[in-house]
1. Looking only at the stretch 40-56, how many residues end up being surrounded by 12 or more Cβ atoms within 10 Å (Cβ to Cβ) and in a helix (DSSP H, G or I)?
2. Here is a check on your reading of the model: is ALA54 modelled with pLDDT of 85 or more and aliphatic (A, V, I, L, M)?
3. Within the stretch 10-33, is there a residue that is touching a helix residue (DSSP H, G or I) at 6+ places or on another chain (Cβ under 9 Å), modelled with pLDDT of 70 or more and of a type outside the set (D, E, K, R)?
Amino acid sequence: MLKKVFLATAATVILAGASMSAGPAQAGVMNMSLFECAKKAKAKHRGDRKAAKACRKSCKAKKGGLLKKKS
(Lines give C-alpha, C1' and ligand atoms only; values in the text may rest on other atoms or scores of the structure.)
Protein backbone atom coordinates (compact mmCIF):
# COMPACT_ATOMS: atom_id res chain seq x y z
CA MET A 1 0.00 0.00 0.00
CA LEU A 2 2.73 2.45 0.98
CA LYS A 3 4.64 1.59 -2.19
CA LYS A 4 1.62 2.43 -4.38
CA VAL A 5 1.11 5.77 -2.63
CA PHE A 6 4.77 6.66 -3.07
CA LEU A 7 4.75 5.77 -6.77
CA ALA A 8 1.52 7.72 -7.35
CA THR A 9 3.01 10.77 -5.62
CA ALA A 10 6.20 10.54 -7.67
CA ALA A 11 4.24 10.26 -10.92
CA THR A 12 2.11 13.27 -9.98
CA VAL A 13 5.17 15.38 -9.22
CA ILE A 14 6.81 14.42 -12.52
CA LEU A 15 3.68 15.19 -14.55
CA ALA A 16 3.13 18.49 -12.75
CA GLY A 17 6.71 19.54 -13.42
CA ALA A 18 6.46 18.66 -17.09
CA SER A 19 3.25 20.60 -17.58
CA MET A 20 4.59 23.67 -15.75
CA SER A 21 7.76 23.88 -17.81
CA ALA A 22 5.91 23.78 -21.14
CA GLY A 23 3.44 26.64 -20.62
CA PRO A 24 5.23 29.70 -19.24
CA ALA A 25 7.62 30.18 -22.16
CA GLN A 26 5.06 32.04 -24.25
CA ALA A 27 3.41 33.69 -21.26
CA GLY A 28 6.80 35.07 -20.19
CA VAL A 29 7.19 36.81 -23.54
CA MET A 30 3.79 38.47 -23.16
CA ASN A 31 4.46 39.54 -19.57
CA MET A 32 7.85 40.99 -20.46
CA SER A 33 6.46 42.99 -23.37
CA LEU A 34 3.73 44.42 -21.14
CA PHE A 35 6.32 45.20 -18.48
CA GLU A 36 8.30 47.10 -21.12
CA CYS A 37 5.15 49.15 -21.86
CA ALA A 38 4.91 50.17 -18.21
CA LYS A 39 8.60 51.11 -18.05
CA LYS A 40 8.33 53.14 -21.26
CA ALA A 41 5.23 54.97 -20.02
CA LYS A 42 6.88 55.82 -16.69
CA ALA A 43 9.98 57.17 -18.40
CA LYS A 44 8.05 59.16 -20.99
CA HIS A 45 5.48 60.73 -18.64
CA ARG A 46 7.14 61.37 -15.29
CA GLY A 47 4.69 62.86 -12.80
CA ASP A 48 1.63 62.69 -15.10
CA ARG A 49 -0.15 59.51 -14.11
CA LYS A 50 -3.09 59.94 -16.48
CA ALA A 51 -0.85 60.38 -19.52
CA ALA A 52 1.30 57.45 -18.42
CA LYS A 53 -1.78 55.25 -18.08
CA ALA A 54 -3.02 56.24 -21.53
CA CYS A 55 0.42 55.54 -23.00
CA ARG A 56 0.59 52.15 -21.27
CA LYS A 57 -2.91 51.21 -22.50
CA SER A 58 -2.10 52.10 -26.09
CA CYS A 59 1.19 50.20 -25.90
CA LYS A 60 -0.59 47.13 -24.48
CA ALA A 61 -3.16 47.30 -27.27
CA LYS A 62 -0.42 47.38 -29.89
CA LYS A 63 1.59 44.60 -28.23
CA GLY A 64 -1.53 42.52 -27.61
CA GLY A 65 -2.56 42.79 -31.24
CA LEU A 66 0.89 41.75 -32.42
CA LEU A 67 1.06 38.81 -30.04
CA LYS A 68 -2.42 37.57 -30.95
CA LYS A 69 -1.61 37.60 -34.67
CA LYS A 70 1.48 35.41 -34.15
CA SER A 71 -0.46 32.68 -32.33
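The values are calculated or read from the model by the stated rules, or taken from the named source; none is laboratory data. These numbers were taken from a predicted model, which means no experiment stands behind them. We place every Cβ from the backbone using ideal geometry, glycine too, and count neighbours over all the protein chains shown.
1. Looking only at that region, the number is 10.
2. On the way: modelled with pLDDT of 85 or more: yes; aliphatic (A, V, I, L, M): yes.
It is true that ALA54 is modelled with pLDDT of 85 or more and aliphatic (A, V, I, L, M).
3. Yes, the stretch 10-33 contains a residue that is touching a helix residue (DSSP H, G or I) at 6+ places or on another chain (Cβ under 9 Å), modelled with pLDDT of 70 or more and of a type outside the set (D, E, K, R).
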